[in-house]
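Here's the structure, in structure tokens; my notes come after.
The values are calculated or read from the model by the stated rules, or taken from the named source; none is laboratory data. Please read these numbers as outputs of a predicted model, since none were measured by experiment. Cβ coordinates were reconstructed from backbone atoms using ideal geometry, including for glycine residues, and neighbour counts include every protein chain displayed. Protein only, heavy atoms only, side chains kept; ligands, DNA and RNA dropped before computing areas. Shrake-Rupley method; radii C 1.70, N 1.55, O 1.52, S 1.80 Å.
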Number of protein chains: 2
Amino acid sequence: MQAAPTRTHTHTPGPAAPRKHPQLAPLPLSAVQLDPASLLGGRQELNAAATIPHCVDNIERTGVIANFRRLAEAGAKADADQAKGAFQGPWFADSDLYKTLEAIGWEVGRSGTGQWAELLSDLATLLEQVQAADGYLNTYVQGLPDEEPFSHPEYTHELYCAGHLMQAAVALHRGGGDERFLAIARRVADLVVRSFGDDGRPIIDGHPEVETALIELYRETGEESYLHAAELQVERRGHRTLAAGRFGSQYYQDHEPVREATEAIGHSVRQLYLAAGVTDLYLENGDQTLLEAMEQLWDSAFGTKLYLTGGHGSRHRDEAYGDPYELPPDRAYAETCASIAALQWCWRMLLATGQARYAEEMERALLNAIAASTTHTGTAFFYSNPLQLRTGHDGSGEDAPSERLPWYDCACCPPNLARLYASLHGYTATSDAAGLQLHLLAAGKFTAATLIAVVETGYPWDGDVLVTVSGQGELAIRVPAWAAGATVAVTSGQVIAEPTPGEYLRVSCDDGATVRLTLPMAPRLVRADDRVDAVRGCVAIERGPLVYCVEQADLPEGIVVEQLRLDPSVGIVEEPGEDGIAPVRLRLSALAIPLETSLYQPYDPASATGTPVTVTAIPYHAWANRGPGAMRVWLPLA
Amino acid sequence: MQAAPTRTHTHTPGPAAPRKHPQLAPLPLSAVQLDPASLLGGRQELNAAATIPHCVDNIERTGVIANFRRLAEAGAKADADQAKGAFQGPWFADSDLYKTLEAIGWEVGRSGTGQWAELLSDLATLLEQVQAADGYLNTYVQGLPDEEPFSHPEYTHELYCAGHLMQAAVALHRGGGDERFLAIARRVADLVVRSFGDDGRPIIDGHPEVETALIELYRETGEESYLHAAELQVERRGHRTLAAGRFGSQYYQDHEPVREATEAIGHSVRQLYLAAGVTDLYLENGDQTLLEAMEQLWDSAFGTKLYLTGGHGSRHRDEAYGDPYELPPDRAYAETCASIAALQWCWRMLLATGQARYAEEMERALLNAIAASTTHTGTAFFYSNPLQLRTGHDGSGEDAPSERLPWYDCACCPPNLARLYASLHGYTATSDAAGLQLHLLAAGKFTAATLIAVVETGYPWDGDVLVTVSGQGELAIRVPAWAAGATVAVTSGQVIAEPTPGEYLRVSCDDGATVRLTLPMAPRLVRADDRVDAVRGCVAIERGPLVYCVEQADLPEGIVVEQLRLDPSVGIVEEPGEDGIAPVRLRLSALAIPLETSLYQPYDPASATGTPVTVTAIPYHAWANRGPGAMRVWLPLA
């Protein structure tokens, strides 16, 4: 077995390695190699080759690094006034740098690349120059005349940025053995401990994030005061101490204490980062009341407010969760960062409980909403991930563009993708006393204490998952909830738990055993709860874990997406993709009904007639790679 | 006939009396008296008794008047510094005062009330004290250190506020013979003419409004330079001269010149005020290219982006129109001010063309979205007018409260309602060379040049409209588009045009004639264009011009609104209302289906079964008068 790590100042890469109360333990990042030819492994390669360099270019281009240089030069000249003003980007632009650094840290650990060594050294020097004697480091506030640090925690994102710095330092330390960023981050964390401890100012940040970061830094360094500082952040939230802005206290989840705030509400990324932090705290202190609150919150978020693609947040106005079942596909906000945050939270719930449903939702988000947010080039991104784009959509704004953009004024999402993909292999599998658990069915090699599993599969394109085991122990493979009819064949070992949808196949493997799990991959029609008004009378098409969609680009001339009515009685046919969009496409039978000319009219029970058409569906994650055009995930029935 | 007014400095009350190019002319306000027992007449009485005093109280309570007093006192003390800062409310808070003044002006003209004389005198003195020597008057900018007037027209609303001052002055002059406010407003208008004329700075305001105001002031004073100033405002818009904020140039309709910008887009109130201003300009200069652009814009707004209730704007984020057919009932923004602006625009299109469709849309807005925005007490208001409130709705914010609120931080809507209701009788009828046109089927007395019509009707509750004519001439009565089967009986005169839905019944009346128009009032099921995804599989219920809804308060114990499925094959039964909510309720047959427990599930063609229930529907405009609770206009079919 792989014991829960208890290291201090060692370079054991791995996301979120809790010390005390996990059911499952992460594998060290070095213990997993994904197959570069697989979907997930390919995304990691694309991230290394294209997305990380693109982020590095853009934090330079947009002035993020210039914000640090300006302050560093002013300090060198002892002319602080020169440092004032001229800040570029939003208040929290420092975090763009930190998330990019985190991505580099994981990538160094994954691939051993040395291409960023000089950049890292230069940036460490820059941060050392800007960091104040007391440890404070925030180029927005340091550049403002007369602004006291932490004066406006409801909006300045100072602890948020500090948290991303800590997470970057953890990644650089675990991934590449860096000590300089770790020292910078510790000085920041020590300042937080001194300033906001039991006897300090009881502030929290408008944007949760420092909670997970402090706990990760505690895990990396063994410094207990960081864990306690995180605990204080969690316990202080929900007492309405933040100045409520126009979106109210629930925007920051400051409306109720975390044990009572069991409805997912407010800014979805904030809600989900907070939940990840609370779960991390449970993983360390074992407080069951925290876990129970998180389970209720999870039911709210994933049981009543989740998009089929794994997107969260239905309101553009405040980037927020809507009411239960308020899930419009056209105005889905479904921010990329929210799906990443949801994945991070689900990962922690998985570690805490070992339950397959959390891994199921990680996969949903990863292969649909998150995968959709990046172009096939790796250099353009969706911030918002709608499930429908209308014919005639006004895509002129950053808020709801018709195609992915290279960068955003608020650029939180691209470097968040970069740090996720660079550490992605760490989210695929875990270990426990019995053996190894495979959660994401990714092709690759997974090394646990007593056994090594080599996974060969074309998943998610095909359902054949072949695992070859060296050593011995229990191999657990998650069987997706949709996989009714899954079968298993084992060459040498004992099936302990048969493949049941939504649970784990468990096999006690002998050395050299092969375990072949076969999942049914026939396309499926899916509908939503009756209360999801926005998709009433519609179905979506899934195949395996992938949500499919119909794009204008695949429609016959003269037919628009809005005219389609799916005939559910006609089978869906698979066909190979040949243009680099997706290996498996689906051919559907539909009617194209005439467009109407009156917005409102008397109800007539006679159903519309139309012209039969054949339509090709592609995976949702591959949409908008062929120019702007209308798209639908949810198709009305004929 | 009633000639188009050509007065200067005379007290002829009436909204928007164009001089040159109308098809129809407004009646003087004094020529119309609505029956106080009728729905519209009753709303006017409620406005006078409750809403106007409530507005007066609130502009005092919220500091709107204090903003003026502070500057007036500073001026008296010649200590301008004391005036700085401490501004209360949003930048455009002055307009709350001006709209309240406009309401008082119309109300003085309508009822002859003297109750506001002292307030008016005091406020005139206050404004005279604050107004700068050059005519400038804006308490937000005047109170800001170092702020030059009109430096940031994209957000300061200076011309917007100036416009509302002009419209208040016109109302006070027409309604009560006031000269002091008119003089103040003329000094402001003269400043606009001097500063932003052909050779002046080519600025426009981020919020259209001054266009109609300048034209109304021109109509009231005969001063041609005001008309030209309005023309410059219209012609300068659409050239991207306003600094584009995060919502882009289309938010202000500054993305394309008015003749090209034929899709309704951006902030809906701004779009609709602008359209009213452009139409006013057409009414004065006869430029057909303006009318043609307005007709195309109207088709976009009313043909693809209109809520069934007459609401406009489907996006909360930027208070904006969405894409065509993006009309979610739950997140309908449908700002009260947008429906008022739409009514004002339709009125001008009606004057320009004489076409019934514009009056039809005035009625839809007035009896549904606008009527719904005020409580039965007249002292609480909806800003946003959704067509659905979900069970479990978070109504804690001003943005989407579950009940009407007494006031708002951004309080544009309540005084806008007050000014509309005080002048409402002026929108009911017009005259032309042939005679009198009745557009809104309101009970009351209507005096044109050669005939007087007394209308007796319980409309919109019943469909019997009896008109008794004194004098002679052509009487035109609008037959609503839904009124298939309408009949007419005339005692003394000649039917020129039979009652045809969506057109005008026309009768050449002898003295003493009675014309009885009978409209079919059976409840109707209505559906939306197939592209309105948000209400797919649903119908709404209308009776006469009223949209109905189902409220939680009328449901059997243990059933929530979301469970209802309407059976369209069972007739709807009318029943009298007895609790002050509405005179006519409707009894529906529905199924209550069980609530589901899974957000997404495999599609199963079998339809849901449920328990038969009888449900009472009430007019949409009467909802939320019995405590917070779920509500639906659009009901899914069984």
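Answer with yes or no whether B:Arg186 is touching a residue at least 12 places away in the same chain (Cβ under 8 Å), open to solvent by less than 10 Å² (accessible area, probe 1.4 Å) and either under 23 Å from the mean Cα position of the chain (by Cα) or farther than 23 Å from B:Arg110 by Cα (or both).
The answer is no for B:Arg186.
Can you find a residue in region A:453-476 that is in contact (Cβ under 8 Å) with a residue 60 or more places away in the chain and within 30 Å of B:Met631 (Cβ to Cβ)?
No, every residue in region A:453-476 fails to be in contact (Cβ under 8 Å) with a residue 60 or more places away in the chain and within 30 Å of B:Met631 (Cβ to Cβ).
Against the condition surrounded by 22 or more Cβ atoms within 10 Å (Cβ to Cβ), in contact (Cβ under 8 Å) with a residue 12 or more places away in the chain and more than 10 Å from every other protein chain (Cβ to nearest Cβ), how does A:Leu327 come out, does it pass? Please lay out each step first, then the result.
Details: surrounded by 22 or more Cβ atoms within 10 Å (Cβ to Cβ): yes; in contact (Cβ under 8 Å) with a residue 12 or more places away in the chain: yes; more than 10 Å from every other protein chain (Cβ to nearest Cβ): no.
So A:Leu327 fails the test.
Can you find, within region A:493-517, the residue that is surrounded by the most Cβ atoms within 10 Å (Cβ to Cβ) among those that are more than 29 Å from the chain's Cα centre (by Cα) and assigned to a loop (DSSP other than H, G, I, E, B)?
Taking the candidates together, the pick is A:Ala513.
Restricting to region A:343-367, give me the number of residues that are under 17 Å from A:Val269 (Cβ atoms) and among the charged types (D, E, K, R).
Matching residues across region A:343-367 total 2.
Could we say that A:Thr262 is assigned to a loop (DSSP other than H, G, I, E, B) and polar (S, T, N, Q) here? Can you show your working first?
Working: assigned to a loop (DSSP other than H, G, I, E, B): yes; polar (S, T, N, Q): yes.
For A:Thr262, the condition - assigned to a loop (DSSP other than H, G, I, E, B) and polar (S, T, N, Q) - is met.
Could you identify the single residue in A:Val550, A:Val560 that is within 12 Å of another protein chain (Cβ to nearest Cβ) and of a type outside the set (Phe, Trp, Tyr)? Don't jump to the end; show me each part of the working.
Numbers: A:Val550 fails: within 12 Å of another protein chain (Cβ to nearest Cβ).
Only one candidate qualifies: A:Val560.
When residues of region A:26-77 are filtered for being free of Cβ contacts under 8 Å to residues at least 12 places away in the same chain, within 30 Å of A:Tyr136 (Cα to Cα) and either in contact with a helix residue (DSSP H, G or I) (Cβ under 6 Å, 6 or more places away or on another chain) or not assigned by TED's automatic domain parsing to the domain that holds A:Arg110 (or both), how many remain?
1
Given (1) more than 26 Å from A:Leu306 (Cβ to Cβ); (2) surrounded by fewer than 19 Cβ atoms within 10 Å (Cβ to Cβ); (3) among the small types (Gly, Ala, Ser), where does B:Ala590 come up short, assuming only one miss?
(2)
Test A:Gln253 against the criterion of being within 24 Å of A:Ser151 (Cβ to Cβ) and within 14 Å of chain B (Cβ to nearest Cβ), and give yes or no. Walk me through how you get there before you give the answer.
Details: within 24 Å of A:Ser151 (Cβ to Cβ): yes; within 14 Å of chain B (Cβ to nearest Cβ): yes.
The answer is yes for A:Gln253.
Here are B:Glu295, B:Glu284, B:Glu216, B:Glu220: which of them is away from chain A (no Cβ under 14 Å), in a helix (DSSP H, G or I), among the acidic types (Asp, Glu) and open to solvent by 20 Å² or more (accessible area, probe 1.4 Å)?
B:Glu295
Given the conditions (1) in contact with a Phe, Trp or Tyr (Cβ under 8 Å, 6 or more places away or on another chain); (2) within 14 Å of chain A (Cβ to nearest Cβ), and given that B:Gly392 satisfies all but one, which numbered condition is not satisfied?
With (1) in contact with a Phe, Trp or Tyr (Cβ under 8 Å, 6 or more places away or on another chain); (2) within 14 Å of chain A (Cβ to nearest Cβ) applied to B:Gly392, the lone miss is (1).
Could you tell me whether A:Glu360 is part of a helix (DSSP H, G or I) and either over 22 Å from A:Pro208 (Cα atoms) or outside the structural domain of A:Val64 (by TED's automatic domain parsing) (or both)?
Working: part of a helix (DSSP H, G or I): yes; either over 22 Å from A:Pro208 (Cα atoms) or outside the structural domain of A:Val64 (by TED's automatic domain parsing) (or both): yes.
Yes: the conditions hold for A:Glu360.
Of (1) farther than 23 Å from B:Ala418 by Cα; (2) at pLDDT below 95, B:Arg174 satisfies all except one. Which?
Failed condition: (1).
Only one of B:His207, B:His228 is open to solvent by 10 Å² or more (accessible area, probe 1.4 Å) and in contact with a Lys or Arg (Cβ under 8 Å, 6 or more places away or on another chain); which? Talk me through it step by step, then tell me what you get.
Numbers: B:His228 fails: in contact with a Lys or Arg (Cβ under 8 Å, 6 or more places away or on another chain).
Sole residue among the options that is open to solvent by 10 Å² or more (accessible area, probe 1.4 Å) and in contact with a Lys or Arg (Cβ under 8 Å, 6 or more places away or on another chain): B:His207.
Mind checking which residues of region A:522-533 are open to solvent by 20 Å² or more (accessible area, probe 1.4 Å) and out of contact with any Ser or Thr (no Cβ under 9 Å at 6 or more places or on another chain)? Break it down stepwise before answering.
Taking region A:522-533 as the starting set, the residues that turn out to be open to solvent by 20 Å² or more (accessible area, probe 1.4 Å) are A:522-525, A:527, A:530-531.
The answer is A:Ala522, A:Pro523, A:Arg524, A:Leu525, A:Arg527, A:Asp530.
Is it the case, given these coordinates, that A:Pro576 is at pLDDT 90 or above, open to solvent by 60 Å² or more (accessible area, probe 1.4 Å) and on the phi < 0 side of the Ramachandran plot? Let's see the steps before the verdict.
Details: at pLDDT 90 or above: yes; open to solvent by 60 Å² or more (accessible area, probe 1.4 Å): yes; on the phi < 0 side of the Ramachandran plot: yes.
Judged against the criteria, A:Pro576 is a match.
So B:Ala171 ticks every box in (1) assigned to a helix (DSSP H, G or I); (2) surrounded by fewer than 24 Cβ atoms within 10 Å (Cβ to Cβ) but one. Which box is left unticked?
Every condition holds for B:Ala171 apart from (2).
Would you mind listing the strands (runs of 3 or more DSSP E) fully within region A:522-622 where at least 1 residues are over 23 Å from B:Trp634 (Cα atoms) and touching a strand residue (DSSP E or B) at 6+ places or on another chain (Cβ under 7 Å)?
Because the criterion is at least 1 residues that are over 23 Å from B:Trp634 (Cα atoms) and touching a strand residue (DSSP E or B) at 6+ places or on another chain (Cβ under 7 Å), the strands (runs of 3 or more DSSP E) in region A:522-622 that meet it are A:524-528, A:538-543, A:546-551, A:564-566, A:573-576, A:584-592, A:611-619.
Do you know which of the residues in region B:397-420 that are within 14 Å of chain A (Cβ to nearest Cβ) and under 20 Å from B:Pro328 (Cα atoms) is surrounded by the most Cβ atoms within 10 Å (Cβ to Cβ)?
Top of the filtered list is B:Ala400.
Run down B:Ala338, B:Ala334, B:Ala320, B:Ala301 and say which single residue is within 14 Å of chain A (Cβ to nearest Cβ) and closer than 24 Å to B:Tyr408 by Cβ.
Values: B:Ala338 fails: within 14 Å of chain A (Cβ to nearest Cβ); B:Ala334 fails: within 14 Å of chain A (Cβ to nearest Cβ); B:Ala301 fails: closer than 24 Å to B:Tyr408 by Cβ.
Only one candidate passes the filter, namely B:Ala320.
Can you pull out the residues in region B:231-254 that are in contact with a helix residue (DSSP H, G or I) (Cβ under 8 Å, 6 or more places away or on another chain) and either open to solvent by less than 30 Å² (accessible area, probe 1.4 Å) or outside the structural domain of B:His173 (by TED's automatic domain parsing) (or both)?
B:Gln233, B:Val234, B:Arg237, B:Leu242, B:Tyr252, B:Gln253
Taking only region B:435-465 into account, find how many residues are closer than 20 Å to B:Ala522 by Cβ and open to solvent by less than 40 Å² (accessible area, probe 1.4 Å).
From region B:435-465, those closer than 20 Å to B:Ala522 by Cβ are B:441, B:457-465; that's our starting set.
So of that shortlist, the ones also open to solvent by less than 40 Å² (accessible area, probe 1.4 Å) come out as B:441, B:457-460, B:463, B:465.
Total satisfying the criteria: 7.
If A:Glu148 meets every condition in (1) at pLDDT below 95; (2) buried (at least 24 other Cβ atoms within 10 Å of the Cβ) apart from one, which number is that one?
Every condition holds for A:Glu148 apart from (2).
Tell me which residues, restricted to region A:306-318, are buried (at least 24 other Cβ atoms within 10 Å of the Cβ) and part of a loop (DSSP other than H, G, I, E, B).
Scanning region A:306-318 gives A:Tyr307, A:Leu308, A:Thr309, A:Gly310, A:Gly311, A:Gly313, A:Ser314.
Can you name the condition, by its number, that A:Val193 falls short on among (1) in a loop (DSSP other than H, G, I, E, B); (2) open to solvent by 20 Å² or more (accessible area, probe 1.4 Å)?
Failed condition: (1).
Can you pull out every residue in region A:591-627 that is out of contact with any helix residue (DSSP H, G or I) (no Cβ under 9 Å at 6 or more places or on another chain) and within 14 Å of another protein chain (Cβ to nearest Cβ)?
A:Glu596, A:Tyr600, A:Gln601, A:Pro602, A:Tyr603, A:Asp604, A:Pro605, A:Ala606, A:Ser607, A:Ala608, A:Thr609
Going through region A:223-259 one residue at a time, which ones are closer than 17 Å to A:Ala341 by Cβ, polar (S, T, N, Q) and in a loop (DSSP other than H, G, I, E, B)?
Residue satisfying the conditions is A:Gln253 alone.
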